[in-house]
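So the structure is just underneath, and the comments pick up after that.
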Amino acid sequence: MNFRDLVYRLYARRVEGRLDHDQVPKHIGVILDGNRRWAKASGGSAVQGHQAGADKISELLGWCSETDVEVVTLWMLSTDNFDRPEHELKPLLGIIENTVRNLAADGRWRVHHVGTLDLLPAETQLVLKEAEQSTSHVAGIIVNVAVGYGGRQEIADAVRSLLLEHSERGTTFEELAEIVSTDLISEHLYTRGQPDPDLVIRTSGEQRLSGFMLWQSAHSEYYFCEVFWPAFRKVDFLRALRDYAARHRRYGA
């Protein structure tokens, strides 16, 4: 361990020691951004960047477990990512599949997929389904893996699910128009039954949501971190929690 690492570790302990666990967000959404730029800056390939980003996830979940976070949503692949060339998309999907398998095998996390399964290759769909089934009994942190995810697509899927459900019940259009509400739509989101994210973290310095959890993040706090995702450290995570705890959440009051 060099001197710089020692200083960061000591600083992280200081920040953690002052953290009020009663003020920790229960649900954190994370936009894992900057894998390719991190790889380019370090002279590596895009695949190496994505793998380094995947390796960072277990560290993050460990930090979340230490600080009493209950739900974590990880944006691993957006619907826009399908526009990437095949030579980059295929290895990325393989890395995601291995990561999801490892999360399920860990035994501490309850894995839940958020996204549109139909957009994904059959093998990826199978991995996601098996991970959900094999961890459904786990009492630990709920880990939402957002793969093939887009915020607008989620809302469209929720409305479609709502319409189909009431069509099967024989509800008329007029009756449905009378009862439709934000709560009713929320019951058909990918994250139904879960609390909305209290805090959304985005790495790499970009300051936009890019469609991440558009519905659920209406009252979320945002934290934008300059570091690329593979370089994200515990001290960066603790700073985000400290910043969140210092804010006064008034919900429009």
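The values are calculated or read from the model by the stated rules, or taken from the named source; none is laboratory data. Quantities reported herein were computed from a predicted structural model and do not represent experimental measurements. Cβ atoms come from the backbone with ideal geometry, glycine included; neighbour counts cover every protein chain shown. Surface accessibility is based on the protein's heavy atoms, side chains included, excluding ligands, DNA and RNA. Shrake-Rupley method; radii C 1.70, N 1.55, O 1.52, S 1.80 Å.
Residue count for the range 36-78 under the criterion of being touching a residue at least 60 places away in the same chain (Cβ under 8 Å) and open to solvent by 70 Å² or more (accessible area, probe 1.4 Å): the result is 6. Cβ separations smaller than 8 Å between residues 6+ apart or across chains give the following pairs from the range 165-191 residues that are under 17 Å from residue 218 (Cβ atoms) to residues that are charged (D, E, K, R) and open to solvent by less than 80 Å² (accessible area, probe 1.4 Å): 188/157; 188/165; 189/154; 190/154; 190/157. Residues in the range 119-131 that are under 23 Å from residue 194 (Cα atoms) and either in contact with a Ser or Thr (Cβ under 8 Å, 6 or more places away or on another chain) or acidic (Asp, Glu) (or both): 130 only. Screening residue 188 on (1) in a loop (DSSP other than H, G, I, E, B); (2) under 27 Å from residue 65 (Cβ atoms); (3) touching a Ser or Thr at 6+ places or on another chain (Cβ under 9 Å) shows it passes everything except condition (2).
The residues in the range 212-225 that are part of a loop (DSSP other than H, G, I, E, B) and open to solvent by 20 Å² or more (accessible area, probe 1.4 Å) can be counted, and the count is 2. Against the condition within 18 Å of residue 67 (Cβ to Cβ), modelled with pLDDT of 95 or more and either over 13 Å from the mean Cα position of the chain (by Cα) or hydrophobic (A, V, I, L, M, F, W, C) (or both), how does residue 138 come out, does it pass? Judged against the criteria, residue 138 is not a match. The residues on offer are 146, 246, 139, and the sole one that is open to solvent by 10 Å² or more (accessible area, probe 1.4 Å), of a type in the set (Gly, Ala, Ser) and in contact (Cβ under 8 Å) with a residue 24 or more places away in the chain is 139.
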